[in-house]
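Please read the structure below before turning to the comments.
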4 protein chains.
Amino acid sequence: MAILRGRHFLQIPGPTNVPERVLRAMTKPTIDHRGPEFVRLTRELLESLQEVCQTTGKVVIYPSSGTGAWEAAIVNTLSPGDKVLMFETGHFAVMWRNLAVRLGIQADFIPGNWREGVDPLLVEEKLTADQKQDIKAIMVVHNETSTGVLSRIAEIRQAINRVGHNALLMVDTISSLALTDYRHDAWGVDVTVGSSQKGLMLPPGIGFNVLSEKALMASKSARLPKAYWDWEAVIKANQTGFFPYTPPTNLFFGLKEALQMILEEGLENIFRRHNRFAEATRRAVRAWGLEVNCLSPAEYSNSVTAVRLPEGYDADTLRKLILEKFNLSLGNGLGKLQGKVFRIGHMGDFNELMLAGTLSGIEMGMALAGVPHKKGGVQAALDYLAGNE
Amino acid sequence: MAILRGRHFLQIPGPTNVPERVLRAMTKPTIDHRGPEFVRLTRELLESLQEVCQTTGKVVIYPSSGTGAWEAAIVNTLSPGDKVLMFETGHFAVMWRNLAVRLGIQADFIPGNWREGVDPLLVEEKLTADQKQDIKAIMVVHNETSTGVLSRIAEIRQAINRVGHNALLMVDTISSLALTDYRHDAWGVDVTVGSSQKGLMLPPGIGFNVLSEKALMASKSARLPKAYWDWEAVIKANQTGFFPYTPPTNLFFGLKEALQMILEEGLENIFRRHNRFAEATRRAVRAWGLEVNCLSPAEYSNSVTAVRLPEGYDADTLRKLILEKFNLSLGNGLGKLQGKVFRIGHMGDFNELMLAGTLSGIEMGMALAGVPHKKGGVQAALDYLAGNE
Amino acid sequence: MAILRGRHFLQIPGPTNVPERVLRAMTKPTIDHRGPEFVRLTRELLESLQEVCQTTGKVVIYPSSGTGAWEAAIVNTLSPGDKVLMFETGHFAVMWRNLAVRLGIQADFIPGNWREGVDPLLVEEKLTADQKQDIKAIMVVHNETSTGVLSRIAEIRQAINRVGHNALLMVDTISSLALTDYRHDAWGVDVTVGSSQKGLMLPPGIGFNVLSEKALMASKSARLPKAYWDWEAVIKANQTGFFPYTPPTNLFFGLKEALQMILEEGLENIFRRHNRFAEATRRAVRAWGLEVNCLSPAEYSNSVTAVRLPEGYDADTLRKLILEKFNLSLGNGLGKLQGKVFRIGHMGDFNELMLAGTLSGIEMGMALAGVPHKKGGVQAALDYLAGNE
Amino acid sequence: MAILRGRHFLQIPGPTNVPERVLRAMTKPTIDHRGPEFVRLTRELLESLQEVCQTTGKVVIYPSSGTGAWEAAIVNTLSPGDKVLMFETGHFAVMWRNLAVRLGIQADFIPGNWREGVDPLLVEEKLTADQKQDIKAIMVVHNETSTGVLSRIAEIRQAINRVGHNALLMVDTISSLALTDYRHDAWGVDVTVGSSQKGLMLPPGIGFNVLSEKALMASKSARLPKAYWDWEAVIKANQTGFFPYTPPTNLFFGLKEALQMILEEGLENIFRRHNRFAEATRRAVRAWGLEVNCLSPAEYSNSVTAVRLPEGYDADTLRKLILEKFNLSLGNGLGKLQGKVFRIGHMGDFNELMLAGTLSGIEMGMALAGVPHKKGGVQAALDYLAGNE
């Protein structure tokens, strides 16, 4: 394999390209996590994360991946044998369900075709049928990273409210936060699950929960064993600016910088920017004569586009060629989409020309790999971007 | 407070000073955690960690603090209500006990004076009394970071063997690994608990377990709920070079560099270097007329020295003055030692002159704070170091 | 102006994008420039620079810009009032001429149209006419950064040889070295002038000369005053690994890394890579219906393409829009080309997708700025690149 | 040689330890040196440098070492054969004289013993004798880095004024600026010569001049050839925020950060801090029974202390041992002091504990090397520092 030069295009749907500002911040010398400088850092991080999550609720940060934050949401709120409602929107929904089941939760897992989000009417129907209110939580992946499909959280909340059901609403925002409008408070979410390596533009290593008052209340009586993930211990330690475990200091330095960048740009601007990139990407895909995996425009993802390959062509072979020839990493198909789709991450510290380069790598790669397609995808994207700047 | 210039002396007993080489490695651009370069990285990390732990056993890495690695050791091997034997060697032993209890384990917690390590004879006695072999695990902190006292793991293993007891031996090496001789295989340890921010010279954010065959076997029947911490899922994914969660890529870049530095220097050289620093530190303490918290020379710590202040003097007041005047962070007294001791971390990427600077800051700080002491601690350290280079 | 996110595309014709590896190397702690580690560094740099310049001649490095290396070439070889032959290939040729004149040299400056390189036949003619061999040096810019035109050094040398003229041949390779084939020894160059910020992929701050034996001999009798630039002092100090001035240590760290990257990839591969990018760029320009400034294919530049705008359109207005909308810096027209051309740097740590992004920014920018052009430039480049990988 | 761990102590008298903040700033991506962001950078640098030099005069920056800035001072103000008055205060005075002579200047070089600064009365005497005002400039090294001796610039200016002589006063502040009080305007200096790698806490690579109106006027008629160093070209380009050569962008990023740090701390605080370190160092030297090279307290250097070794002991042997055993670089004796002194740099990003470490390394090194001395130097320094915080 030839030596590749120039910047690697890391266009997997997370981890995303980490801005130089953030990488630089992470190289500051580690400080005493029990000293006065750390107290200021903790407070700033918690406040900024609230702003990004559009909440006044408590934020609980973990040294963990997003998977850890899933586990934290469950063990803090539920008891062994509790019943939850989940939806098979894609690979990450399946993984969250599996995790819940392993922890002793009964998940009513509504099957899905991996091309659509959660149907709010189905939520309403399921809750209406649950007259004894056995369902303790509804757990939804906001943006399914494996399929490029968004679920409509606000409408799901409305459905719950129409029924008057008491279940907690828990939402995985790992690949939507700071990329797509998301409102913890206004949408009545009880537990938000997030992590560092997508919209927050950080390397992986930080997971977090945001809690409603109702979730906090539920945690008092939840009986799954918990220690590392225990919200209460973190919240208590945070009051003085500290943590009950050794916090990941240098990732925190990076998080501070990333949150500053997000708030400088403004959430509205960030959402609009990603919306443009996503639309430009879909126009390229259609110009190539290929199919966007997501079926409904109302559920298009701002963060990632999964592209379906024609029958008989292997997406992983294409991805390998593109990586070796053009120094571009694309996301692979996960679970039942393995080999059938490739995924384009278009999120984070990203701009028009990075997108144009990405789409160019795909178009050239398809030509070299003999994947049937029409030329002109890049052109279609450029036409859109130049007309909508 | 005046602006402080020059390098901060981060002489808390962890996180330790991160070498520039490691910080630089952490700023490499994040890569695809499902790509071929990552596979090579994973394999190199696992092999090097085995070498550092002196083991051929499986290593399981987590995005977590050391606390997470404690929890992992427990949930993978034990079942609700299981009985374990633990020893109150200090604050971290107490915390590990509390964590076990929260997870539903019954801990027989042998009281201690926070100045001595685990007595192997007491282990023998306790196990001999446990004729039904109800004790499922003996959990020991190798180096008590809060007290500067080492427990003698090899002798504890011999005690267990003399009784012929079947309990697992689990050892917290968070502040001993790559600092003090530690042999997972030769000493018959079943679960080693480690983390990144002490001898491994990394920022916090990585925890890990090392497993014996017996521990792996125990994990098959252990019934505490586990998902994020599940060894099996990690080991399985590692076989192809991947992880079941999003791994902390940039911390891994740093870990690779740090492990290279450790293996370049050689474990024996590292142990000898730390032994010198620890002895020099104790000589300074004695020359000041102060007391080393650790009572027995056989249990002196290579990593940290806790220094007892005369009655009536507050260690935290002294630490604050030293931080503000001399840009030196020392460790505070934890738990029942709060205010009574300060702790000098002398580990990791550390050398004679950094130690001399550290001791100088303490000696000047005591003079300024009016803590009764004799001059000459730094001199005593220098005399020893120059005579033992 | 909106906040721009994602990577900046620095596609000016130098300084070029500095690879992360090089930036990281530059952050190593400064070392003693009179210590043993520095000696090894000096030797490695001098040897690697020789390899890159295809020479066994002496290399003399300065803390300076490329302009300083021009001055060094002159003051070391010439005397007040000496006559030299120079060619108006563009802005940098003019600047070098001006510098020579300021230093007291008489430059016979052959006018040019800024679209062609030096004509070897004209060199031959001029030298033939110089029967008394009054011309002491022929000074040529290998790659005119301001016009994107290459001069054919090997043919110029042949012309000199045909005449049997004794003049020194001095060549500015600032924007050709490690980008286009350049052979100090084989082509009989007497003084090579180079700098750090183009093909060497470093930030600006280092200039250098490479010397033939004949140049060294000339320096013994040259009578322009010289001190800082004096070759002899540097060569003498270099023999023990040191410098007669304080060398730019951290830039040297970066230079070492950059030279390693160049030699890893191999000069032939680097030349081929840049040749592809340059051809793809020209195809885009032609597809847009615009004109490449360089008139002759034999003189196309591997490093930079100057693009002529239609009459009545201002290149700087276009560049400003592209910078503000698309985070892309293009080179401005210099001297008599101001406002008439923009210049695309396609050199250094650069790849296909960075080029595609660059061309996309230009194509979209022209659409937004109302510059008359045809669509399809990016497509033409992609077609070429995919067909010639 | 064993592998050395921990931070290197770079206590040569420059380049100094570069703060992490500055190193990080230098890794920002290189920007267009003809773009709007660069304009802002240029203006900020020039203004801050004025503040540090206590001047409203023009500042002219070069990509060069300090040697280059010496040359610039001469070629901009003098004509071939001009006579200047210089003083043999040490190695750097000798080098500056040699440089002037090479450029065609006649230097009246007053011999010195390398232990004293310039005697203002001698200046007065020399100028009084120069009734025809043939002397065009008086050139003084403010802080002789090779000897640790300061010359009293304000008194020299008063001496010049008493005579009413018209000569320019040029001062090399390379190792005094931002370390010792220095007032370009108030002291009537005509050309200040400075560089980046000492008090400015930057790696080497930047030199600069500060000009009085009188110096600027002199430059109009000065007839030494000049091009690269020409003040006029730089001043003119700076008016629009640019440079006539490619400026060293990433060093400029570092310079901006370093100047911010200096102005944050405040010049007065910086001078006081260095004064304390210098006094503590001298007390250590005297406690060892060794001799400080500088003879007069009025001429003690804030930046560097040269320490004389007893007859028959080689300072370079001692320095080598200290480097290999204790990871500490000390400055060597230069010129006629070679082997006779070692030099302790105590300047820049430096604090009490770094000094204590440095002195400890020396004290231990002397013990190991068998250099006759008394113990207690470190103790003497600590006593002073603790009593004068």
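Accessible area drop of at least 50 Å² (1.4 Å probe, protein heavy atoms): which residues of the stretch C:94-125 qualify, relative to the chain alone?
Relative to the lone chain, where solvent access is computed with a 1.4 Å probe, the stretch C:94-125 loses at least 50 Å² at C:102.
Mind listing the label-point distances from residue A:164 to the same position on all other copies, shortest first, one decimal in nm, points 7 Å along Cα→Cβ?
In nanometres, ordered from closest: 6.9, 10.6, 11.3.
Add +1 for every Lys or Arg and -1 for every Asp or Glu among the other residues with Cβ under 11 Å from the Cβ of residue D:265, and state the total.
For residues surrounding residue D:265, the net value is 0.
Expressed as an acute angle from 0 to 90° and rounded to the nearest 10, what is the orientation of the C-alpha long axis of helix C:91-102 relative to the principal long axis of chain C?
Here the helix axis deviates by roughly 30 degrees.
If we hang a label 7 Å off Cα along the beta carbon direction at residue A:264, how far is it from the matching labels on the other copies, in nm, shortest first?
So the distances to the same position in the other copies read 1.6, 3.0, 3.4 nm.
Nearest-to-axis residue of chain A, judged by Cβ, for the A-to-D rotation, with distance in whole Å?
Smallest Cβ distance to the axis, with its residue: A:24, 2.
Of all DSSP beta bridges located in the protein assembly as shown, what percent are antiparallel, nearest 5?
Details: 92 of 172 bridges.
Close to 55 percent.
Each residue of the stretch B:33-38 in order: what ³J(HN,Hα) in whole Hz does its phi give by Karplus 6.51 cos²θ - 1.76 cosθ + 1.60, θ = phi - 60°, with x for Gly and Pro?
7, 10, x, x, 5, 5
Can you give the relative contact order of the stretch B:242-317 as a percent, counting alpha carbon pairs under 8 Å and 6+ residues apart? Spell out each step's value before the answer.
On the way: 37 pairs, mean separation 17.4, N = 76.
That works out to 23 percent.
Compute the relative contact order of chain A as a whole-number percentage, counting only Cα pairs closer than 8 Å that sit 6 or more residues apart in sequence.
On the way: 809 pairs, mean separation 93.9, N = 389.
After rounding, I find 24 percent.
Under a GNM of chain B (C-alpha, springs under 10 Å), which listed residue has the highest mean-square fluctuation: B:81, B:205, B:361?
Of B:81, B:205, B:361, the most mobile in the Gaussian network model is B:81.
Give the C-D buried accessible area in Å², both sides summed, 1.4 Å probe, nearest 100.
3700
Under the Karplus relation 6.51 cos²θ - 1.76 cosθ + 1.60, θ = phi - 60°, what is the ordered set of whole-Hz ³J(HN,Hα) values for the stretch D:18-30, x standing for Gly and Pro?
Coupling constants for the stretch D:18-30: 8, x, 3, 3, 6, 4, 4, 4, 5, 8, 4, x, 4 Hz.
With θ taken as phi - 60° and the coefficients 6.51, -1.76 and 1.60, list the Karplus ³J(HN,Hα) couplings across the stretch C:160-174 in order, rounded to whole Hz; mark glycine and proline as x.
Result, ordered by residue: 4, 5, 4, 6, x, 7, 8, 4, 6, 10, 10, 10, 7, 10, 3 Hz.
Search the structure for amide H atoms under 5 Å from the amide H of residue A:110, placed 1.01 Å from N in the peptide plane, and list their residues when 5 or more places away or on another chain.
A:86, A:87, A:88
Taking amide H atoms as placed 1.01 Å from N in the peptide plane, list the residues 5 or more away in sequence, or in a different chain, whose amide H sits under 5 Å from that of residue B:332.
Under 5 Å from the amide H of residue B:332: B:343.
What percentage of the solvent-accessible surface of the protein assembly as shown, computed with a 1.4 Å probe over protein heavy atoms, is contributed by carbon and sulfur atoms?
49
Can you list the residues in the stretch C:278-327 whose accessible area drops by at least 50 Å² when all protein chains are present, compared with the chain alone? Use a 1.4 Å probe, heavy atoms only.
Those are C:326, which lose 50 Å² or more relative to the chain on its own.
In degrees, nearest 10, range 0 to 90: what is the angle between the Cα axis of helix B:249-265 and the longest Cα principal axis of chain B?
Helix B:249-265 sits roughly 70 degrees off the main axis of chain B.
Mind checking the per residue accessible area of chain C for me, 1.4 Å probe, whole number of Å²?
31
What FRET efficiency, computed as 1/(1 + (r/R0)^6) with R0 = 45 Å and r the Cβ-Cβ distance, is obtained for residue B:271 and residue C:236, rounded to the nearest 0.05?
It comes out at approximately 0.45.
List the relative contact order of the stretch D:178-296 as a percent without decimals, with contacts defined as Cα pairs under 8 Å and 6+ residues apart.
Relative contact order here is 27 percent.
In nm, to one decimal, how far is the modelled label at residue B:264 from the one at residue D:214, with both set 7 Å along Cα→Cβ?
With each label placed 7 Å out from Cα toward Cβ, I get 5.4 nm.
What residues have an amide H closer than 5 Å to that of residue B:11, excluding those fewer than 5 places away on the same chain, when H is modeled at 1.01 Å from N in the peptide plane?
Those lying under 5 Å, H to H, from residue B:11 are B:329.
List the distances, in nm to one decimal, from the label point of residue A:111 to the label points of the same position in every other copy, shortest first, placing each label point 7 Å from Cα along the Cα-to-Cβ direction.
Its label point is 6.3, 8.5, 10.5 nm from the equivalent points in the other copies.
In the stretch B:1-75, what GluC sites (Glu not before Pro) fall in a loop by DSSP, with at most 12 other Cβ atoms inside 10 Å?
Within the stretch B:1-75, no GluC sites (Glu not before Pro) qualify (loop, at most 12 other Cβ atoms within 10 Å).
To the nearest 0.05, how large is the calculated FRET efficiency for residue A:166 and residue C:2 if R₀ is 45 Å and r is the Cβ-Cβ distance?
0.50
Quick check: pseudo-label points 7 Å beyond the Cα along Cα→Cβ at residue A:131 and residue D:311, how many nm apart are they?
11.3
Hey, can you list the residues from the stretch A:360-382 whose accessible area shrinks by 20 Å² or more with all protein chains present, relative to the chain by itself (probe 1.4 Å, no ligands or nucleic acids)?
With the partner chains in place, the stretch A:360-382 has these residues losing at least 20 Å²: A:360, A:363, A:364, A:368, A:375, A:378, A:379, A:382.
How tilted is helix C:66-77 with respect to the longest principal axis of chain C? Cα atoms for both, answer in degrees (0 to 90, nearest 10).
Computed tilt is about 30 degrees.
The values are calculated or read from the model by the stated rules, or taken from the named source; none is laboratory data. Because the structure is predicted, anything quoted here is derived from the model rather than measured. Positions of Cβ are backbone-derived with ideal geometry, glycine not excepted, and every protein chain shown enters the neighbour counts. The protein model used for the area step is the full one, side chains on, heavy atoms only, and it has no ligands, DNA or RNA in it. Shrake-Rupley method; radii C 1.70, N 1.55, O 1.52, S 1.80 Å.
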